[in-house]
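Before any comments, here is the structure.
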Amino acid sequence: EDKVVQSPLSLVVHEGDTVTLNCSYEVTNFRSLLWYKQEKKAPTFLFMLTSSGIEKKSGRLSSILDKKELFSILNITATQTGDSAVYLCAVVYGGSQGNLIFGKGTKLSVKP
Amino acid sequence: DSGVTQTPKHLITATGQRVTLRCSPRSGDLSVYWYQQSLDQGLQFLIQYYNGEERAKGNILERFSAQQFPDLHSELNLSSLELGDSALYFCASSAGFGYGYTFGSGTRLTVV
């Protein structure tokens, strides 16, 4: 069965801390891995990763993919209260247009 | 504004009723995906359409159906509604494999 597993499910940190969120996957015909941030409403796109070992970076957020070990991590440095959200990992896999399967998410709470 | 439009934003209806949720994808995107998000289930993939054709099916109940029209907007029909169908329903669109997926702001369905 195709699946995406995120850990931890929930995380509470203080402002300024660095966090690492994990995403592992088992799918047939992997295409790409996506990270999203979801606050109150719709998930907003953070990164798309297709190649192993190449870090994607945006400000304090960065992510890397390991296609051999079938996982990705999302790092957030110098966390701020505005980083509080659910972070979703999704994998595109399968046929010509690809299917998209999500993990259950990691709920990050950043305390002042 | 993500470019993906979902209507209505909120919907309250009684058990046994039927509702239609509508999604207009971003201009130029041919793929539309429907997801259900309930409190403890994360984002569950329901169905995907590409240029008017059904391409993939996920955990979609037989009481639910969808279609994508020639102008590429999509409708998700939910019938014989049950209390457990209460959830956020998201639509996402994509230009195709290799491109990101953009989410609409969702329709919150409450079945009473």
Worksheet entry | Scan of region A:31-55 for residues that are outside any loop (DSSP other than H, G, I, E, B), charged (D, E, K, R) and more than 25 Å from B:D1 (Cβ to Cβ), ordered by number | A:R31
Worksheet item: Does any residue of region A:9-18 turn out to be within 14 Å of chain B (Cβ to nearest Cβ), closer than 26 Å to B:G104 by Cβ, modelled with pLDDT of 90 or more and not in a loop (DSSP other than H, G, I, E, B)?
Response: no
Fill in: Enumeration of residues in region B:1-19 that are open to solvent by less than 60 Å² (accessible area, probe 1.4 Å) and out of contact with any Gly (no Cβ under 8 Å at 6 or more places or on another chain)
B:G3, B:P8, B:L11, B:T13, B:A14, B:G16, B:V19
Fill in: Test for A:S58: is it within 14 Å of chain B (Cβ to nearest Cβ), free of Cβ contacts under 8 Å to residues at least 24 places away in the same chain, touching a Lys or Arg at 6+ places or on another chain (Cβ under 9 Å) and over 14 Å from A:S24 (Cβ atoms)
no
Worksheet item: Restricted to region A:25-43, and to residues that are modelled with pLDDT of 90 or more and open to solvent by 70 Å² or more (accessible area, probe 1.4 Å), which residue is nearest to the other protein chains (Cβ to nearest Cβ)?
Response: A:E39
Item to complete: Please work out which residue is nearest to the chain's Cα centre (by Cα), limiting yourself to region A:6-24 and to residues that are open to solvent by 60 Å² or more (accessible area, probe 1.4 Å) and among the aliphatic types (A, V, I, L, M).
Response: A:L9
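Table: residues versus (1) farther than 22 Å from A:L34 by Cβ; (2) part of a strand (DSSP E or B).
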| site | (1), (2) |
| --- | --- |
| B:Q37 | no, yes |
| B:Q67 | yes, yes |
| B:P70 | yes, no |
| B:L88 | no, yes |
| B:A92 | no, yes |
| B:G100 | no, no |
Worksheet, complete the sentence: Of (1) touching a residue at least 60 places away in the same chain (Cβ under 8 Å); (2) more than 10 Å from the chain's Cα centre (by Cα), A:K67 satisfies every one except (1)
Worksheet, complete the sentence: When B:R26 is run through (1) within 15 Å of the chain's Cα centre (by Cα); (2) under 22 Å from A:V5 (Cα atoms); (3) part of a loop (DSSP other than H, G, I, E, B); (4) not aromatic (F, W, Y), the failure sits at (2)
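If you take the residues in region B:21-59 that are among the aliphatic types (A, V, I, L, M) and within 13 Å of chain A (Cβ to nearest Cβ), which one is surrounded by the most Cβ atoms within 10 Å (Cβ to Cβ)? Walk me through it before giving the result.
Of region B:21-59, the ones among the aliphatic types (A, V, I, L, M) are B:21, B:30, B:32, B:39, B:43, B:46-47, B:56.
Narrowing the set further to residues that are within 13 Å of chain A (Cβ to nearest Cβ) leaves B:30, B:32, B:39, B:43, B:46-47, B:56.
Values: B:L30: 17, B:V32: 30, B:L39: 8, B:L43: 26, B:L46: 21, B:I47: 22, B:A56: 18.
Out of the qualifying residues, it is B:V32.
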Fill in: Residue that is nearest to A:L21 (Cα to Cα), among those in region A:69-112 that are away from chain B (no Cβ under 14 Å), open to solvent by 10 Å² or more (accessible area, probe 1.4 Å) and of a type in the set (S, T, N, Q)
A:N75
Discussion item. Condition first: open to solvent by 50 Å² or more (accessible area, probe 1.4 Å), modelled with pLDDT under 95 and within 11 Å of chain A (Cβ to nearest Cβ). Can you find one or more residues in region B:84-97 that meet it?
Written reply: yes
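I'd like to check which strands (runs of 3 or more DSSP E) are fully inside region A:56-108 and have at least 2 residues that are closer than 23 Å to A:E15 by Cα and of a type in the set (S, T, N, Q).
Numbers: elements: A:56-58, A:61-66, A:71-76, A:85-93, A:99-102.
Correct list: A:61-66.
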Discussion item. For region B:1-56, give me each residue that is charged (D, E, K, R) and farther than 13 Å from B:N77 by Cα.
Written reply: B:D1, B:K9, B:R26, B:D29, B:D40, B:E53, B:E54, B:R55
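The values are calculated or read from the model by the stated rules, or taken from the named source; none is laboratory data. For clarity, every value in this text was computed on a predicted model and none was experimentally measured. So basically every Cβ, Gly included, is an ideal-geometry build from the backbone, and we count neighbours across all protein chains shown. What goes into the accessible areas is simple: the full protein's heavy atoms, side chains included, and nothing from ligands, DNA or RNA. Shrake-Rupley method; radii C 1.70, N 1.55, O 1.52, S 1.80 Å.
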